[in-house]
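Notes to accompany the following structure.
The values are calculated or read from the model by the stated rules, or taken from the named source; none is laboratory data. Quantities reported herein were computed from a predicted structural model and do not represent experimental measurements. For neighbour counting, all protein chains shown are included, and Cβ atoms are generated from backbone atoms with ideal geometry for every residue, glycine included.
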Amino acid sequence: MLSKDILYVAAALFFAALLVRRRALRPPRPPGPAAYPLIGNLFDWPWEAGWLTFHQWAQKWGDIMYIEIFGLHIVILNSVELAQSLMSQAIYSDRPPLTMVGKLMGFTPSIVLSPYGEHWKAMRRLTQQSLNRASSLQFLPSQLYDARVLLQQLLDNPDKAIPNIRFALGKNIIENTYGIKVDSPNSEFVKLSRETHEVIQNAVIPGSFFVDIFPSLRFVPSWFPGAGFKRLANIARGRGKHMVDGAFDAAKQSLTGSDPLASLVGSLLSENPSEMSREEYEYIVKWAAGSLYGAGTESTVSGISTFLLMMTLHPDIQKKVQEEIDRVVGGGRLPTFEDRSALVFLDAVIKESLRFHPPTPLGIAHRLSEDDVVAGYHLPKGAIVLANIWGISMNEKYYPNPTQFDPARFLGDAQQLDPATHVFGFGRRACLGVHYSTAAIYITVVSILSVFDIRGEDNKGNPVKEAEFTGGFVSHPKPFKCRMVPRSPAASELAKSGTLLL
């Protein structure tokens with residue numbers, strides 16, 4: 001009996017020694033703040049606007065950092081070179097299984113959060129063929145028309161710039177995606193998109209809810225003390241289902257009419273793929289469309305809002321943009337997409353706005369599907385990998401004096417790093433709607449500046465003096481009063497008749 005016990009102990013010691021030896025031979029993890037036993041870096045984790053904290057850490061620990069919370073491995077990348085080289089690989093293209101936004105809220109099938117597998121690849125193929133550079137040209141006429149409608153709305157409601165912009169962009173996405181006519185800011189699907197985003201935007205960031213760290217908490221009943229996250233999840237699940245299923249069903253119903261509007265959903269449903277059942281195909285189309293509808297509006301609104309805020313803070317730059325528009329376009333018409341290539345300074349200002357505060361400062365988390373060694377450091381399988389997009393934009397290696405708003409960075413022969421290299425994400429998971437979104441930003445801001453002066457005020461009526469931004473997955477300027485003042489009676493008349501001239 002004693003000999004058996006000795007044998008078991010010896011075997012246990014042997015395997016323990018083998019494990020210790022393997023760990024000793026394995027490269028070290030990347031640097032980062034010191035962790036406590038068991039809880040790891042729980043007290044270091046930034047619960048809001050994490051990009052600011054990660055940028056501070058990067059000054060001490062460099063381009064690749066590591067933290068761990070209750071066994072959850074998190075790697076943070078602070079250089080565009082590392083983010084591009086790693087996140088372009090298949091092993092970095094998965095998404096972490098975020099329990100809150102995925103399982104509880106029900107958004108796992110979306111193209112944004114879906115695991116790297118056949119479902120995601122099928123959605124990506126459909127989306128790419130509809131939103132690549134050439135295909136995106138089909139949306140330009142409707143984007144131009146809705147920009148002209150926006151000008152008329154701003155004439156009528158000059159103090160409600162951001163709500164009007166959100167409506168114009170939401171209207172365009174819904175009509176182009178589903179063929180559903182949108183006539184009012186109170187449209188069911190415009191409101192649903194905003195309301196759904198409000199309840200899910202923090203859940204997209206890993207670690208925002210303890211249920212992401214302890215997935216078994218999802219089984220706690222919603223009435224249990226401290227289970228407010230379950231009630232929030234139920235609200236989000238209901239809104240998300242109504243948004244994705246409701247819009248898709250309405251689109252299918254509209255196709256049975258006598259004169260349906262052209263739409264992405266209509267075009268995709270007219271196809272009959274042989275590699276899957278009709279039911280499977282419609283499920284993929286539904287979630288591909290729902291992802292565009294749900295994710296497309298807010299990030300574009302953020303980009304435009306930041307541009308408007310920068311114009312209020314830098315009236316000299318605003319005036320210079322308007323002078324360029326007047327010189328290129330003239331005073332007898334409104335801008336079009338044909339003017340875009342000649343508006344060089346405006347293009348630089350748009351780039352600088354996207355750099356100064358990217359709409360999604362941390363992007364969306366990637367997941368490492370197998371062990372890797374990077375720059376001599378071991379990155380464990382299953383690690384969450386974040387690229388600090390905001391930190392890259394504030395890195396002096398790429399942008400000298402990064403806190404200064406300076407469009408000259410993107411003018412002349414010695415231009416600095418184009419923010420398009422990082423603000424729209426990386427690799428296979430980069431934003432597929434980049435051409436649609438940048439076209440929307442351009443035609444919106446050029447139309448506004450051709451007709452209006454932009455003036456910003458805080459809640460007390462004083463001029464806005466500094467740029468402040470919200471936390472969350474999509475970060476917006478903190479609320480400020482953006483007032484549109486017509487540049488001249490002639491500009492007002494052009495805006496009033498803008499849609500008649502198309």
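The table below lists the values:
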item	result
Any hit, the range 95-110, residues being among the aromatic types (Phe, Trp, Tyr), closer than 25 Å to residue 384 by Cα and modelled with pLDDT under 95	yes
Residue that is farthest from the chain's Cα centre (by Cα), among those in the range 369-396 that are under 18 Å from residue 420 (Cβ atoms) and of a type outside the set (A, V, I, L, M, F, W, C)	395
Filter pass, residue 264 being without any contact (Cβ under 8 Å) to a residue 60 or more places away in the chain and either on the phi > 0 side of the Ramachandran plot or crowded, with 21+ Cβ neighbours inside 10 Å (or both)	no
Filtered residue count, the range 106-123, keeping only those that are free of Cβ contacts under 8 Å to residues at least 40 places away in the same chain and of a type in the set (A, V, I, L, M, F, W, C)	1
Enumeration of residues in the range 435-454 that are over 25 Å from the mean Cα position of the chain (by Cα), under 25 Å from residue 170 (Cβ atoms) and not hydrophobic (A, V, I, L, M, F, W, C)	450
Hits in the range 163-186 - residues which are part of a loop (DSSP other than H, G, I, E, B) and buried (at least 19 other Cβ atoms within 10 Å of the Cβ)	179, 180, 182
Residue tally, condition touching a residue at least 12 places away in the same chain (Cβ under 8 Å), of a type outside the set (Gly, Ala, Ser) and either part of a loop (DSSP other than H, G, I, E, B) or crowded, with 21+ Cβ neighbours inside 10 Å (or both), over the range 368-383	5
Members of the range 308-325 that are free of Cβ contacts under 8 Å to residues at least 12 places away in the same chain and surrounded by 12 or more Cβ atoms within 10 Å (Cβ to Cβ)	315, 319
Those residues of the range 125-139 which are surrounded by fewer than 17 Cβ atoms within 10 Å (Cβ to Cβ) and part of a helix (DSSP H, G or I), in sequence order	125, 128, 129, 135, 137, 138
Checklist (1) among the β-branched types (Val, Ile, Thr); (2) at pLDDT 90 or above; (3) farther than 23 Å from residue 293 by Cα; (4) under 28 Å from the mean Cα position of the chain (by Cα) applied to residue 265, failing item	(3)
When residues of the range 249-261 are limited to those that are in contact with a Gly (Cβ under 7 Å, 6 or more places away or on another chain) and either assigned to a helix (DSSP H, G or I) or among the charged types (D, E, K, R) (or both), the one surrounded by the fewest Cβ atoms within 10 Å (Cβ to Cβ)	254
Verdict on residue 405 being touching a residue at least 60 places away in the same chain (Cβ under 8 Å), in a loop (DSSP other than H, G, I, E, B), within 23 Å of residue 445 (Cβ to Cβ) and over 18 Å from the mean Cα position of the chain (by Cα)	yes
Members of the range 221-232 that are surrounded by 15 or more Cβ atoms within 10 Å (Cβ to Cβ) and free of Cβ contacts under 8 Å to residues at least 12 places away in the same chain	227
Residue check, residue 354 hydrophobic (A, V, I, L, M, F, W, C), crowded, with 20+ Cβ neighbours inside 10 Å, assigned to a loop (DSSP other than H, G, I, E, B) and at pLDDT 95 or above	no
Residue in the range 233-246 that is aliphatic (A, V, I, L, M), farther than 25 Å from residue 48 by Cα and buried (at least 21 other Cβ atoms within 10 Å of the Cβ) present	yes
Identity of the residue in the range 31-81, closer than 18 Å to residue 391 by Cβ and of a type in the set (Asp, Glu), that ends up surrounded by the most Cβ atoms within 10 Å (Cβ to Cβ)	63
Residue match in the range 160-168 (condition: over 23 Å from the mean Cα position of the chain (by Cα), of a type in the set (Val, Ile, Thr) and farther than 21 Å from residue 129 by Cα)	no
Number of the exception - residue 363 against (1) assigned to a loop (DSSP other than H, G, I, E, B); (2) crowded, with 21+ Cβ neighbours inside 10 Å; (3) at negative phi	(3)
Flag if residue 475 is surrounded by 12 or more Cβ atoms within 10 Å (Cβ to Cβ), outside any strand (DSSP E or B) and touching a strand residue (DSSP E or B) at 6+ places or on another chain (Cβ under 6 Å)	yes
Criterion (assigned to a loop (DSSP other than H, G, I, E, B), of a type outside the set (Val, Ile, Thr) and in contact (Cβ under 8 Å) with a residue 24 or more places away in the chain) met by exactly one of 425, 391, 412	425
Index of the failed condition, residue 159 passing every other in (1) touching a strand residue (DSSP E or B) at 6+ places or on another chain (Cβ under 6 Å); (2) free of Cβ contacts under 8 Å to residues at least 24 places away in the same chain	(2)
Filter result (touching a residue at least 24 places away in the same chain (Cβ under 8 Å), closer than 29 Å to residue 499 by Cβ and small (Gly, Ala, Ser)) within the range 333-365	353
Filtered residue count, the range 53-111, keeping only those that are assigned to a loop (DSSP other than H, G, I, E, B) and of a type in the set (S, T, N, Q)	7
